[in-house]
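The values are calculated or read from the model by the stated rules, or taken from the named source; none is laboratory data. Remember, it's a predicted structure, so these values are computed and weren't measured experimentally. Neighbour counts are summed over all protein chains in view; Cβ atoms, including those assigned to glycine, are modelled from backbone coordinates with ideal geometry. Just so you know, the surface numbers come from the protein's heavy atoms only, side chains and all, with ligands and any DNA or RNA stripped out. Shrake-Rupley method; radii C 1.70, N 1.55, O 1.52, S 1.80 Å.
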Amino acid sequence: MDRLKQSLLDAPIIEKEGYHYFVHPISDGVPMLEPELLREITIRLIRKADLDDVDKIVTPAAMGIHISTALSLMTDVPLVVIRKREYGLEGEVALTQQTGYSESEMFINDVEEGDRVVVLDDVLSTGGTLRAITDALEHIGADVADVLAVIKKAGPNDLDESDVDVKTLINVDVVDGEVVIADEHGDG
């Protein structure tokens, strides 16, 4: 986990409406994502996730796509991307995503009642995105086998009072304009 840890310690911090945000290749695509970092993360996800009899990996656009694609390629589990655009396809389900700095509508296609899914996102911060996704999947009737985020930012989140346990690879905080590693092994 050395590459992920070091890349987070080196990450610049910006402020968006009072929210301290680290800029990182996994969460922002900036700076460029090195294959070695993506490979390290994918291997750790495979070791940590419950992938037994999983039908689909479900991820939100856009920053979950690269991680989930790598996981899909390594496990042969199909990938469903939750889009920010409505297509009006049969079975499409809308959800409202609310983060620390924005609110938007997203749309799930290709997940059906009884599907066993793993949810994967880049960062768990406010929990707004993962909460909206898990609520929508419950509404659909999917069986959520596991919920994962590569990075967890310290502090309360929308999933704290829920039954959803999120496994993370590393937990961080932002203190005095710098990323601090809170738990280099993450949750779960």
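Among the residues of region 62-81, write down those that are open to solvent by 60 Å² or more (accessible area, probe 1.4 Å) and assigned to a loop (DSSP other than H, G, I, E, B).
Across region 62-81, the qualifying residues are Asp76, Pro78.
Can you tell me which residue within region 34-59, out of those that are among the hydrophobic types (A, V, I, L, M, F, W, C) and touching a Ser or Thr at 6+ places or on another chain (Cβ under 7 Å), is surrounded by the most Cβ atoms within 10 Å (Cβ to Cβ)?
Among those residues, the one meeting the criterion is Ile57.
Quick one: is Leu51 in a helix (DSSP H, G or I) and not small (Gly, Ala, Ser)?
Spelling it out, it is not the case that Leu51 is in a helix (DSSP H, G or I) and not small (Gly, Ala, Ser).
Taking Ser125 as the residue in question, decide whether it is hydroxyl-bearing (Ser, Thr, Tyr) and closer than 21 Å to Ser68 by Cβ.
yes
Take region 11-44 and flag every residue that is in contact with a strand residue (DSSP E or B) (Cβ under 9 Å, 6 or more places away or on another chain), assigned to a loop (DSSP other than H, G, I, E, B) and free of Cβ contacts under 8 Å to residues at least 40 places away in the same chain.
Correct list: Pro12, Val23.
Could you tell me whether any residue of region 26-33 is surrounded by 17 or more Cβ atoms within 10 Å (Cβ to Cβ) and more than 14 Å from the chain's Cα centre (by Cα)?
Within region 26-33, one or more residues are surrounded by 17 or more Cβ atoms within 10 Å (Cβ to Cβ) and more than 14 Å from the chain's Cα centre (by Cα).
Which of the residues spanning region 45-79 are in contact (Cβ under 8 Å) with a residue 24 or more places away in the chain, more than 13 Å from the chain's Cα centre (by Cα) and under 16 Å from Asp110 (Cα atoms)?
Listed by number, the residues that qualify are Val54, Asp55, Lys56, Val77.
Here is a yes/no grid of residues against (1) modelled with pLDDT under 95; (2) of a type outside the set (Val, Ile, Thr):
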{"site": "Lys5", "(1), (2)": "no, yes"}
{"site": "Pro12", "(1), (2)": "yes, yes"}
{"site": "His20", "(1), (2)": "yes, yes"}
{"site": "Leu45", "(1), (2)": "no, yes"}
{"site": "Leu51", "(1), (2)": "no, yes"}
{"site": "Met74", "(1), (2)": "no, yes"}
{"site": "Val77", "(1), (2)": "no, no"}
{"site": "Glu90", "(1), (2)": "yes, yes"}
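Go over the candidates Leu124, Leu159 one by one and state the one that is within 20 Å of Leu79 (Cβ to Cβ) and among the aliphatic types (A, V, I, L, M).
So the residue among Leu124, Leu159 that is within 20 Å of Leu79 (Cβ to Cβ) and among the aliphatic types (A, V, I, L, M) is Leu124.
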